[in-house]
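The block underneath contains the structure these notes are about, expressed in structure tokens.
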Amino acid sequence: MSLDLPLIWAAILAIAVLLYVMLDGFDLGIGILFPFAGSPSERDVMMSTVAPVWDGNETWLVLGGGGLFAAFPFAYAALMPALYAPIILMLLALILRGVAFEFRLRGRARGKRFWTIAFAAGSIIATLAQGLVLGGFIQGVTLKDGHFAGDPLDWLSPYSMLVAVGLVAGYALIGAAWLIWRTEGELHARARRWAWIALAAVTVLLAAVSFATLLVHPEVGARWGWTGDGFDLAQLARLSPIPLLGAAGLGVAALGLRRHAHGWPFFGAIIMFLSGYLGLAAGFFPYVVPYALTFREAANADNALGLMLVGVVILLPAIIGYSIWVYWIFRGKVGADAGYH
Amino acid sequence: MHLDALLLSRLQFAFTIAFHIIFPSFTIGLASFLAVLEGLWLATKNEAFKILYLFWIKIFAISFGMGVVTGVVMSYEIGTNWSVFSAAAAPVIGPLLAFEVLTAFFLEASFLGVMLFGWKKVGPRLHFTATALVAFGTAVSAFWIISANSWMQHPAGYVRLASGALRAVDWLAVIFSPTFPVRLLHMVLAAYLTTALVVGAASAWRLLKDPDEGESGLALKMAIGMFAIVAPLQLLAGDMSGKLALRYQPAKLAAIEAFWETRSGQAFHIVAWPDRDTASNRWEVSIPRLGSLITAGDANAEIKGLKAFAPQDRPPVFLVFWAFRVMVGLGVAMIGLGLWGGFRVWRGGLAGDRWFLRATVAMGPAGFVAVVAGWVVAEVGRQPWVIYGLLRTTDAVSPVTRGEVSVSLLAFMTIYAVIFGVGVLYILRLMGEGPLAPVAALGTVRPPGYALGAAPGDPPTGSGTRS
């Protein structure tokens, strides 16, 4: 039996990117919500809820980039120059917010203020940049002989900006839901208010982005049964479990918020992310550079993919195992007192 | 000079990677130092080790964070600026970089959380395990990245298909390419040396303020023990690395020594002014025949000069020649400091020898300078190739514009200047306060989640307290 290595690797990378979006999503969301905190000590608690895990979360981004290079080098070589500006912007913003975790603790009054702002601004800009990368990616990339041959600002459009704003709302939602889960008292109550606002924004923006995607990309539209002036219902019905999953996530999150549940809003928000992600995948599979390069065309040599698969089969379960263990160690509510110890 | 996207991309990559390597050079060694400190504390219950651990972990946290965020940049910059290289090299070195992420980055990142914040969440043995795993992860990371770089220095275990694409045929030959073991040794020793010099400098600084600070005296002795042994070993590793360059990258070696003519009994140029335009040294101060002796182990050996290579295949000479001399000069100074320190430890009176302490403080940054200089030799010396003999740097660049790379380079320089300035300030501030500084004196309100915000004397098990 021979394994379909490119397909397996497409699945591995898709999971890595999904995990990145969910995991770094909530700690970027904490940064997005930073300006709205009630007091400096609330900000300290907010940061403390993610401080032990953010680095591990961001490593999924390195696996996404490094994995794309290693598994689908032709997609990596095509996409990175095409999305040059938003990727560099994301990296710079991630630097500012990443060092802020330590620098904020070391700074005196002025330094601490500066790194508080840097953490918030860095988180917001990194999220916007990721949204622009995603939007630019969905719009498609002009290739010639496998290399980027478009304009440096191709990624910038009303559509990509809409996606960027939508992603800010999405990360704010899972950030707020995370805080509901992991904090108590005043901050917990505040986080619930944030979650309501973010949930409303995400619902509107996710719907707007979904429809805009059908319009921007006729091929995606056709897959979803969009004919230009109406839906082919039979076609739409086949993919309907995906939007229904999103609606279920919305329901779980809203009901959880209403009933003052602690964990359910986070779970619901994650389900909404999953549905958006699956929706994209359904629109693009098997393309890894939308409608220009399939994952088979972009795949690395089989012997490279095979070697890496051996590594993944052994290492990924271990990574997931000890990552869960670290989350387990730091479980429970993070209070305003020394609740962490 | 014509600033096109290629040159700007080279400047940007050189800048971001040189900046990045500063942090791993320090944290590879410091993670091991922390593991040793914690292990010794667990074994001896000597509180001084714990005090030192809790002091150096703060500096580690800052440095490691800067290393992580500047490292994430590298995994994307290969694609944004060197897409042709990415597509060409991935079939062979792609798995090496993927293994670095899978075996090292996740391990480091996950257990760093336990190491920094888990002091009261896990037992002392588990905490020590976390520290040891972080240290192990940093070394594994070095393994893979030096392996990938060594393959680029001297490709092995591959074939070139009719289409021009590269394919690995022997993974062990790819991973363990001929220059890899020695270069890995050279880099790991460099990291230990760099860390020992920093620990030594910070401790010496404290002893200049307070000669009776026992913890700093202990740390200084540990640092001296490290660099007194490692500095001479590094000279040997460097010599082995040079011999490999002679064999596998003769153009690089010729640039290192500013040899232009191919001849037996090459002179050693102590200093020189190499000029690529005239293909000669404008002036030089030389010792006859020593060049052949050092590089080949035989004063009469014939060594290739740069003129044996076509002008378009010669690396930049001036930079390589001088970077090498900076590295070796600092290495010799480190050996001298090790001898001096060893003598002082043996004869006593370490804390009272103010000149030695001052010299140790002055040598604090020497490791970083030597590491960056060494990488300049390795990388500039490989030019004009990005994959030696297979892909020229000029052919490897992405289809990006001058405008894009100008803006990104300026942005990197600005942001890096800010984080470097602030990071160094915070580290120096901590070093100035020393390991016994009361937490309140750090001047910040600790967030409750910060484990180290607890009084350093709070033991995780309840046994022993700091007096």
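Accessible area per residue for the range B:32-148, computed on protein heavy atoms with a 1.4 Å probe, is 21 Å². Solvent exposure of the range B:353-441 amounts to 40 Å² per residue of accessible area, where only protein heavy atoms count and the probe is 1.4 Å.
Once whole DSSP H runs in chain A are found, which of them have Cα atoms spread over 24 Å or more along the helix axis and a mean Kyte-Doolittle score of at least 1.6? What comes out of the filter, once short or polar helices are dropped, is A:5-33, A:302-329. Sort the range B:196-269 into rounded, prolate or oblate with this rule: let a ≥ b ≥ c be the square roots of the eigenvalues of the Cα gyration tensor; rounded if a/c is under 1.5, and if a/c is not under 1.5, prolate when a/b is larger than b/c, oblate otherwise. It is prolate, given that a/c is not under 1.5 and a/b is the larger ratio. For the range B:147-288, the relative contact order is 16 percent, taking Cα pairs closer than 8 Å that sit 6 or more residues apart in sequence and dividing their mean separation by the residue count.
Take the Cα of residue A:117, step 7 Å toward its Cβ, do the same at residue B:429, and the gap between the two points is 1.7 nm. A crude spin-label estimate for the pair residue A:303 and residue B:406, with each label 7 Å from Cα along the Cβ direction, gives 4.5 nm. Segment residue B:318..residue B:46, full-extension length gain: 92.8 nm, with 0.36 nm per residue of separation and the alpha-carbon distance subtracted. A dipole drawn for the protein assembly as shown from +1 and -1 charges on Cβ atoms has a positive end, and of B:283, A:50, B:79 the residue lying farthest that way is A:50.
Between A:69, A:34, A:114, the Gaussian network model of chain A with springs among Cα atoms under 10 angstrom shows the greatest mean-square fluctuation at A:114. Interface area, chains A and B: about 6800 Å² of buried accessible surface, summed, with a 1.4 Å probe and ligands, DNA and RNA left out. Sorting the Cα pairs of the protein assembly as shown by distance into bins of 20 Å, from 0 upward, gives 15, 46, 32, 7, 0 percent per bin.
Each part gets one Cα centre, and for the range B:81-103 versus the range A:296-322 those centres are 13 Å apart.
With coordinates expressed along the principal axes, the C-alpha atoms belonging to the range B:1-158 extend over 60, 37, 25 Å, beginning with the largest. Measuring nothing but how far apart in sequence close Cα pairs (under 8 Å, 6+ apart) lie, relative to its length, chain A scores a relative contact order of 22 percent. The string of couplings for the range B:271-280 from the Karplus curve (6.51, -1.76, 1.60, θ = phi - 60°) is 9, 6, 10, x, 10, 5, 5, 8, 6, 6 Hz, one whole number per residue in order, with x for Gly and Pro. Separation of the range A:138-216 and the range B:233-293, taken as the distance between their Cα centroids, equals 57 angstrom. Rounded to the nearest 20 debye, the dipole magnitude of the protein assembly as shown is 1560 debye, with +1 charges on Lys and Arg beta carbons, -1 on Asp and Glu beta carbons, and the Cα centre as origin. Taking the inverse of the mean reciprocal distance over all distinct Cα pairs, the Kirkwood hydrodynamic radius of chain B comes to 23.9 Å. What part of the accessible area of chain A, given as a whole %, is carbon or sulfur when the probe is 1.4 angstrom? Of the solvent-accessible surface of chain A, carbon and sulfur hold 71 percent.
Could you give the angle, 0 to 90 degrees to the nearest 10, between helix B:180-209's Cα long axis and the longest principal axis of the Cα atoms of chain B? The answer is roughly 40 degrees.
Write down the accessible area per residue of chain A in Å², having rolled a 1.4 Å probe over the full set of protein chains.
Details: 13220 Å² over 341 residues.
Ligands and nucleic acids excluded, the figure is 39 Å² per residue.
Under the rule a/c < 1.5 gives rounded, and otherwise a/b versus b/c splits prolate from oblate, where does the range A:127-256 land using the Cα gyration tensor? It comes out oblate by the Cα gyration axes. When chain A is treated as a Gaussian network with alpha carbon springs shorter than 10 Å, the biggest mean-square fluctuation among A:73, A:158, A:243 belongs to A:158. Positive end of the charge dipole of the range A:71-197 (Lys, Arg +1 and Asp, Glu -1 on Cβ, about the Cα centre): tell me which of A:141, A:158, A:105 has its Cα farthest that way. Highest projection toward the positive end goes to A:105. Ranking B:157, B:199, B:145 by Cα position along the charge dipole of the range B:145-222, where only Lys, Arg, Asp and Glu carry charges on their C-beta atoms, puts B:157 farthest toward the positive end. Among all stretches of chain A without exposed trypsin sites (Lys or Arg not before Pro) (DSSP loop, at most 16 other Cβ atoms within 10 Å), which one is longest? The longest uninterrupted stretch comes out as A:109-258.
What does the net charge come to around residue B:62 if you take all other residues with beta carbon closer than 9 Å to its beta carbon, with K and R at +1 and D and E at -1? Don't skip to the answer; put the middle values down first.
Working: positive: A:106, B:58; negative: A:102.
Residues near residue B:62 contribute +1 overall.
Given axes a ≥ b ≥ c from the Cα gyration tensor, I'd like to know whether the range B:87-172 is rounded (a/c under 1.5), prolate (a/b larger than b/c) or oblate. Judged from the Cα gyration tensor, the range B:87-172 comes out prolate (a/c at least 1.5, a/b above b/c). Accessible surface for residue B:278 stands near 80 Å², nearest 10, in the context of the full protein assembly shown (1.4 Å probe).
Mean sequence separation of contacting Cα pairs (under 8 Å, at least six apart), scaled by the length of chain B, corresponds to a relative contact order of 21 percent. With all pairs of separate Cα atoms included, the range A:19-81 yields a Kirkwood hydrodynamic radius of 13.3 Å. The stretch between residue B:290 and residue B:275 holds 3.2 nm of extra length on full extension. This uses 0.36 nm per residue minus the Cα-Cα distance.
Working note: Karplus 6.51/-1.76/1.60 with θ = phi - 60° gives the range B:84-93 the couplings 5, 4, 4, 5, 6, 8, 4, x, 9, 9 Hz, where Gly and Pro are set to x. If the limit is 20 Å between Cα atoms, which of B:58/B:120; A:112/B:50; B:50/B:120; B:45/B:120; B:50/B:209 go over it? Among B:58/B:120; A:112/B:50; B:50/B:120; B:45/B:120; B:50/B:209, the Cα-Cα distance tops 20 Å for A:112/B:50; B:50/B:209. Its Cα centre serving as origin, the range A:70-145 has a Cβ charge dipole (Lys and Arg +1, Asp and Glu -1) of approximately 640 debye. Site pair residue B:283 and residue A:229 shows an inter-label distance of 8.7 nm when each label is modelled 7 Å from Cα along Cα→Cβ. Projected onto planes of every orientation and averaged, the convex hull of the alpha-carbon atoms in the range B:209-336 covers 9.8 nm².
The values are calculated or read from the model by the stated rules, or taken from the named source; none is laboratory data. Just so we're clear, the structure is a prediction, and the values are computed from it rather than from any experiment. Cβ atoms come from the backbone with ideal geometry, glycine included; neighbour counts cover every protein chain shown. Only protein heavy atoms, including side chains, enter the accessible area calculation; ligands, DNA and RNA are left aside. Shrake-Rupley method; radii C 1.70, N 1.55, O 1.52, S 1.80 Å.
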